[in-house]
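A short write-up of the structure that comes next.
The values are calculated or read from the model by the stated rules, or taken from the named source; none is laboratory data. Nothing here was measured: the structure is a model prediction, and the numbers come from that model. Methodologically, a virtual Cβ is constructed for each residue, glycine included, from the backbone with ideal geometry; neighbour enumeration extends over all protein chains shown. Heads up: the accessible areas ignore ligands, DNA and RNA and are worked out on the full protein's heavy atoms, side chains in. Shrake-Rupley method; radii C 1.70, N 1.55, O 1.52, S 1.80 Å.
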Amino acid sequence: MTTRKLMLITGASAGIGAEFARQYSARGWDVALTARRTDRLEELAKELEDKHDITALVIAQDLAKANSVDAILKEVKAAGRHVDGVINNAGYGLPGTFFNTKWKDQAAFMRVLYTAPIELTHKVLPGMVERGFGRIINIASLAGYTPGSNGHTLYASVKSGMIKFSESINAEAKAAGHEDVHCTALCPGFTWSEFHDVNGTREKTKEMPSWLWMEAAPVVEAGIEACERGQPVIVPGAVNKGLATLTRILPEPLGRMMVGSQSKRFRSAD
Ligand SMILES: NC(=O)c1ccc[n+]([C@@H]2O[C@H](COP(=O)([O-])OP(=O)(O)OC[C@H]3O[C@@H](n4cnc5c(N)ncnc54)[C@H](OP(=O)(O)O)[C@@H]3O)[C@@H](O)[C@H]2O)c1
């Protein structure tokens, strides 16, 4: 039986999630990779197992489905493992506005980016507390700090919710004396991944200045290190930190005006 810890990563088939898998496996963790695209997960699992002395489980699931969290945990258990860490990362942006999108798409969005990560956290925490060790990183966003804007609808709300949720879980674990159970919200700004291809804004975002963008690797590294320190929230990168500070000091109407005028550059609200 292995003594290696297991990190369960949602949305591991691309972008930030795949980078988490690379960095945790390089640190000697086993990984359980989940997303919908099995071929991508299997390719990544092979890459990681070839490169490091670790085991990578592949669990194909669509988090929009109501029973997906239970199905993922059942597969982890069937492999004879328990979850030592979770990266709640799977996500996307829904193009369009609240008015011109279908409720089923908004409901699926809420499920994948909000209720599924919360359900997963609720179901793995008791085991972490019992074993006295746990690491949970919730991928929020800088958007969780900024005012809502045309076409951003639930994205900003959900990411803001993930920040508050992570702060609360981290505080609850500390208050209960579970010093080695940490929960961190990671709040990236613009990060190179497939996110802007999936939401159809790649052409628009290509015109944005390069200094606004970060590679996934330093974003992920900042998240892992913050979680190790027991820090409840981390905004990676100097530019993003500056922008997060601006959102706190600007008068609200001015913040809304600025985000409103800029959101056309990175949101598709048609
Ligand atoms: N990139 C940015 O600029 C940025 C900025 C701030 C925050 N974020 C956040 O970072 C997280 C990761 O995004 P990313 O930038 O890495 O985007 P990405 O490259 O498009 O990766 C998104 C991942 O989520 C998975 N996913 C999407 N829908 C899913 C579903 N229904 N069930 C299971 N998995 C699903 C995708 O896998 P499958 O398609 O294979 O299912 C993929 O692995 C998201 O939560 C996003 O909101 C990104």
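With r defined as the distance between the Cβ atoms of residue 254 and residue 98 and R0 fixed at 25 Å, what FRET efficiency is calculated, to the nearest 0.05? Working shown, then result.
Values: r = 24 Å, r/R0 = 0.96.
With R0 = 25 Å, the Cβ-Cβ based efficiency is 0.55.
How high is the relative contact order of the range 6-265? Use alpha-carbon pairs under 8 Å, at least six apart in sequence, and give a whole percent. Before the final figure, lay out the partial values.
Values: 445 pairs, mean separation 45.9, N = 260.
Result for the range 6-265 is 18 percent.
What 222 nm value per residue comes from the helices of the chain, counting each DSSP H run with n ≥ 4 as -39,500 (n - 2.57) and dividing by all residues, nearest 500 deg cm²/dmol? Can you show the working numbers first?
Details: 11 runs with 130 residues, N = 270.
Result for the chain: -15000 deg cm²/dmol, rounded to the nearest 500.
Given the options 199, 150, 100, state which has the largest fluctuation in a GNM of the chain using a 10 Å cut-off (strictly under) for Cα springs.
Taking springs between Cα atoms under 10 Å, the residue moving most is 100.
What size of dipole, in debye to the nearest 20, comes out for the chain about its Cα centre when the only charges are +1 on Lys and Arg C-beta atoms and -1 on Asp and Glu C-beta atoms? Numbers along the way, then the final one.
Working: 32 positive and 30 negative charges, 134 e Å.
In total the dipole reaches around 640 debye.
Heads up, I need the accessible area for residue 3: 1.4 angstrom probe, whole protein in place, Å², nearest 10.
130
Can you pull the semi-axes for the chain, root of five times each eigenvalue of the Cα gyration tensor, sorted largest first, whole Å?
Numbers: eigenvalues 180, 83, 65 Å².
Square roots of five times the eigenvalues give 30, 20, 18 Å.
Please build a GNM for the chain, connecting alpha carbons under 10 Å apart, and tell me which residue among 234, 139, 54 fluctuates the most.
Residue with maximal mean-square fluctuation among 234, 139, 54: 54.
With every protein chain left in place, what is the accessible area of residue 102 in Å² (1.4 Å probe, nearest 10)?
130
Give me the aspartates and glutamates in straight-line cross-link reach of residue 174: C-alpha distance below 12 Å, same-chain residues under 8 apart excluded.
none
Name the residue farthest towards the positive end of the dipole of the range 179-252 from the options 195, 209, 227, assuming +1 on Cβ of Lys and Arg, -1 on Cβ of Asp and Glu, about the Cα centre.
209
For the range 1-131, build the convex hull from the C-alpha positions and give me its volume per residue in Å³. Don't skip to the end; give the middle numbers.
Working: hull volume 13.4 nm³, N = 131.
Spread over its residues, the Cα hull of the range 1-131 gives 102 Å³ apiece.
With a/c under 1.5 counting as rounded, go ahead and sort the range 69-153 into rounded, prolate or oblate using the C-alpha gyration tensor (a ≥ b ≥ c being the square roots of the eigenvalues; past the cut-off, prolate if a/b is larger than b/c, else oblate). Before the final figure, lay out the partial values.
Details: a/c = 3.64, a/b = 2.01, b/c = 1.81.
Taking the square roots of the gyration eigenvalues as a ≥ b ≥ c, the range 69-153 is prolate.
By a straight-distance test (C-alpha under 21 Å), which lysines pair with residue 159 as possible cross-link partners, with residues fewer than eight away in the same chain excluded?
Straight-line reach from residue 159, under 21 Å: 65, 102, 104, 123, 241, 264.
Counting only protein chains, not ligands or nucleic acids, how are 131, 229, 4, 36 ordered by accessible area (probe 1.4 Å), most first?
Working: 131 100, 229 150, 4 70, 36 175 Å².
So the residues, ranked largest to smallest area, are 36, 229, 131, 4.
Specify the residue with the greatest mean-square fluctuation among 170, 138, 240, computed from a Gaussian network of the chain linking alpha-carbon atoms under 10 Å apart.
For the chain, modelled as a Gaussian network with Cα springs under 10 Å, the answer is 240.
Please report, to two decimal places, log10 I(q)/I(0) for the range 75-215 at q = 0.11 Å⁻¹ as given by the Debye formula with identical point scatterers on the Cα atoms and no solvent.
These q points yield log10 I(q)/I(0) values of -0.48.
Can you compute the charge dipole magnitude of the range 101-208 about its Cα centre, using +1 on each Lys and Arg Cβ and -1 on each Asp and Glu Cβ, nothing else charged? Give it in debye, rounded to the nearest 20.
Values: 12 positive and 11 negative charges, 51 e Å.
Roughly 240 debye, rounded to the nearest 20.
Obtain the nm distance between the two label points defined at residue 107 and residue 47 by a simple spin-label model: each point lies 7 Å from its Cα along the Cα-to-C-beta direction.
3.6
Could you provide, to the nearest whole Å², the per residue accessible area of the range 1-92 with probe 1.4 Å? Walk me through the intermediate numbers first.
Values: 4230 Å² over 92 residues.
With all protein chains present, the range 1-92 gives 46 Å² per residue.
Using a 1.4 Å probe on the protein chains only, how many percent of the accessible area of the chain belongs to carbon and sulfur? Before the final figure, lay out the partial values.
Working: 7200 of 12770 Å².
Its accessible area is 56 percent carbon and sulfur atoms.
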